[in-house]
1. In this structure, is residue 59 assigned to a helix (DSSP H, G or I), open to solvent by less than 70 Å² (accessible area, probe 1.4 Å), over 18 Å from residue 148 (Cα atoms) and not hydroxyl-bearing (Ser, Thr, Tyr)?
2. For residue 45, only one of the following conditions fails: (1) within 24 Å of residue 12 (Cα to Cα); (2) open to solvent by less than 90 Å² (accessible area, probe 1.4 Å); (3) part of a helix (DSSP H, G or I); (4) not aromatic (Phe, Trp, Tyr). What is its number?
3. Output the residue which, of all residues in the range 9-42 that are open to solvent by 40 Å² or more (accessible area, probe 1.4 Å) and aliphatic (A, V, I, L, M), is farthest from residue 147 (Cα to Cα).
4. Of the conditions (1) under 16 Å from residue 105 (Cβ atoms); (2) within 16 Å of the chain's Cα centre (by Cα), residue 40 fails just one. Which one is it?
5. Do you know which of the residues in the range 122-144 that are in contact (Cβ under 8 Å) with a residue 12 or more places away in the chain and more than 20 Å from residue 36 (Cβ to Cβ) is most open to solvent (accessible area, probe 1.4 Å)?
6. Those residues that are farther than 29 Å from residue 157 by Cβ and open to solvent by 40 Å² or more (accessible area, probe 1.4 Å), I need them from the range 67-96; list them, please.
7. Would you pick out the residues in the range 18-36 that are over 18 Å from residue 105 (Cβ atoms) and touching a Leu at 6+ places or on another chain (Cβ under 9 Å)?
8. Restricting the first residue to the range 75-99 and requiring it to be in contact (Cβ under 8 Å) with a residue 24 or more places away in the chain and closer than 12 Å to residue 146 by Cα, which pairs with a second residue that is in a helix (DSSP H, G or I) and charged (D, E, K, R) meet a Cβ separation below 9 Å and a spacing of at least six or different chains?
Amino acid sequence: MKIEVWAIGKCAHTYLNDGLSIYQKKLKHYISFEYIEWPESKAMRTADKNHSLQLQAEFVLSKLLVEDQLIIMEAKGKEFDSISFSDQLNKMMISGHKKYVFLIGGSFGFDQKIYSRANIKISLSRLTFSHDMVRLILLEQLYRGFTILRHEPYHHE
């Protein structure tokens with residue numbers, strides 16, 4: 001199984017990029033992993049909200065394979081604690097699916113086409129985070145989940 005985390009646009013903060021690099025390296029010890037920042041086209045940046053979301057959806061859907069499992073990071077998605085998130089990761093690993101794509105959208109969320117295509121919708125918290133912060137929090141939680149599955153001394157109850 002492979003996990004990919006896709007983010008729309010570049011992360012604008014050096015301090016977050018440093019953390020993203022650290023967790024990308026750590027995750028590769030547990031699973032086939034890739035973090036991809038898809039460029040936000042000028043058309044996406046300059047269009048009105050609805051058109052921008054449509055352009056993002058078309059782009060994302062063109063990159064997904066039919067068999068890819070899409071997980072969107074969504075404020076109204078299912079909430080997990082770290083133990084139940086690690087259980088979700090375990091279910092994913094034994095499911096037989098080859099690739100899971102965690103998608104982090106821009107500040108406006110997603111177009112309806114993405115919501116319809118999503119296999120799972122996950123919320124990291126009831127708090128609101130910037131889409132740049134979500135990148136680092138998600139990678140850390142993925143790492144935490146795998147250390148929990150391996151009974152390694154990272155997570156404390």
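The values are calculated or read from the model by the stated rules, or taken from the named source; none is laboratory data. If you're wondering where the values come from, they're calculated on a predicted model, not measured in any experiment. Neighbour counts are summed over all protein chains in view; Cβ atoms, including those assigned to glycine, are modelled from backbone coordinates with ideal geometry. The area values use the complete protein model at the heavy-atom level, side chains included, leaving out ligands, DNA and RNA. Shrake-Rupley method; radii C 1.70, N 1.55, O 1.52, S 1.80 Å.
1. yes
2. (2)
3. Among them, the one singled out is 12.
4. For residue 40, the exception is condition (2).
5. Among residues in the range 122-144 that are in contact (Cβ under 8 Å) with a residue 12 or more places away in the chain and more than 20 Å from residue 36 (Cβ to Cβ), the one most open to solvent (accessible area, probe 1.4 Å) is 126.
6. Of everything in the range 67-96, those that are farther than 29 Å from residue 157 by Cβ and open to solvent by 40 Å² or more (accessible area, probe 1.4 Å) turn out to be 67, 96.
7. 19, 22, 23, 24, 26, 27, 30, 31, 33
8. Within 9 Å, the pairs are 82/144; 85/144; 86/144.
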